Amino acid sequence: MYNTIFAKAFIKILMFICLTHIIKLKNINSLIIYMKLSKNIKNIKNIKNIINEENRIKIIGLLTILIVLWLILYFIPEIFSSLLTTLLGNLILITIAILTLMYNQKYGIMVSIFLIIIYRFSQLLKSKEGFAWNAQSTQDFLQIQNTINHDIVFDVNMIQSNQASQSEVDYFNENGMWPWSQKTIELYKEAVNKNIYIRTFSGDAINYARSIYNESAILQIISLQTKEGIFLVNGVLVRDPSGNKMEDLSSGYGDFVYESGLIEDDKRLDVIKCNMKGFNGGTLERTKYTGKGGIFGEQTSKITEVDYNDLEEIIPGFKFVNEPCNPCVAIGENPDYSCPFQLKLKNKPPFISEVWKYLWNIHDNPFHIFN
């Protein structure tokens with residue numbers, strides 16, 4: 001307040017001096033300075049009008065809201081994450097924008113634009129989602145692993161980019177093992193008990209595995225041992241309705257070894273699997289064997305891309321739980337468990353494996369009638 005009064009008094013004194021020069025000397029420069037000083041006084045009055053009691057209350061209110069939002073974001077960042085990544089959170093944001101528009105159109109448009117920018121920015125971050133550890137945590141992790149698992153090489157860049165967060169590595173550095181949920185522990189214990197080649201106490205096996213594998217990595221390992229994972233990685237055999245003349249057995253040769261399952265590598269059948277070339281699992285491909293090479297006798301084949309919309313027609317016993325989607329997204333470096341399916345194979349239960357139910361967030365096995 002006092003600074004404003006002093007500034008106005010100082011400017012008026014300068015104006016008086018310039019006006020004296022104008023009258024006595026008819027000085028053009030003094031006239032220009034006088035006009036500029038007059039304009040400055042008007043600006044000071046305009047600023048004073050802007051910073052009135054009503055606007056001051058609005059500014060204080062806006063500052064209070066920003067501070068509260070900053071505190072929430074700092075202490076409970078999951079709230080903002082859920083607002084931007086869940087359907088309920090998006091509905092809340094849309095409702096806020098509508099209510100603001102009903103109260104004041106100008107503010108409503110500003111809030112709507114702000115929310116759209118934040119939402120798009122969150123989607124951009126989601127497409128580049130990954131974790132990053134601080135330098136000290138990374139160094140501590142490598143030192144601990146060099147002590148307890150010195151014969152294993154850990155790709156820290158891959159782990160922190162796609163698998164484990166800062167809080168998880170901090171837990172490991174404090175306890176010497178990765179944090180696993182109770183469900184993950186149960187799934188691993190079940191996998192160990194079903195293993196016919198390795199017999200060990202499940203408690204010791206879990207402690208040892210947790211010293212090596214973070215939760216994301218062990219779930220991926222367990223999932224790839226199931227019929228769903230084997231289908232994605234190794235593929236399933238399907239018969240070409242038009243036949244395969246290049247691989248059909250000659251007249252007089254029996255096919256008992258193939259039909260009985262003694263030899264599973266039946267070249268008469270095509271293989272459908274994920275090509276594993278993409279960062280997120282790539283696409284489906286179909287391998288058709290085309291006999292032996294004419295010079296060296298090597299096995300030849302032809303590979304074509306498969307549209308996932310046709311999987312239910314191509315693979316007997318395959319059903320999507322929801323709408324058709326690309327199942328290969330589940331086996332990339334950064335797995336995306338958003339494409340559940342059901343697979344019925346010979347001598348295998350028709351239900352979805354427990355680990356895939358957990359990854360796909362399916363609580364009950366969907367019922368499908370297979371032909």
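Every number here is computed from the coordinates shown, using simple stated rules; none is lab data. Predicted model only: the values in this text are computed from it and were never measured. So basically every Cβ, Gly included, is an ideal-geometry build from the backbone, and we count neighbours across all protein chains shown.
Counting other Cβ atoms within 10 Å as a rough exposure proxy, the listed residues GLU228, GLU312 run GLU312, GLU228 from fewest neighbours to most.
Legend: ranking of residues LEU232, LEU69, LEU269 from fewest to most surrounding C-beta atoms inside 10 Å; resulting order LEU69, LEU269, LEU232.
Estimated from the Cβ-Cβ distance and a Förster radius of 45 angstrom, the FRET efficiency linking ILE144 and GLN105 is about 0.15. Computed over Cα pairs, the Kirkwood radius of the range 135-223 leads via Stokes-Einstein (1.306 mPa s, 10 °C) to a diffusion coefficient of 116 µm² per second.
Sorting the segments 210-220, 336-346, 107-117 by their residues' average number of neighbouring beta-carbon atoms within 10 angstrom, most packed first, yields 210-220, 336-346, 107-117.
Pairs spanning more than 25 Å between alpha-carbon atoms, out of LYS288/LYS319; LYS183/LYS277; LYS189/LYS357: LYS183/LYS277.
The order of VAL68, VAL238, going from fewest to most other C-beta atoms within 10 Å of their C-beta, is VAL68, VAL238. Less than 18 Å from a label point 7 Å out along the Cα-to-Cβ axis of VAL156: which backbone N atoms in the range 206-236 qualify, by residue? Of the residues in the range 206-236, 212-214 have backbone N under 18 Å from the label point off VAL156. Taking Cβ atoms as reference points and 15 Å as the exclusive limit, the residues near ALA97 contribute a net charge of +2, counting Lys and Arg as +1 and Asp and Glu as -1. Counting Lys and Arg as +1 and Asp and Glu as -1 over every other residue whose Cβ lies under 12 Å from the Cβ of LEU343, the net charge comes to +3.
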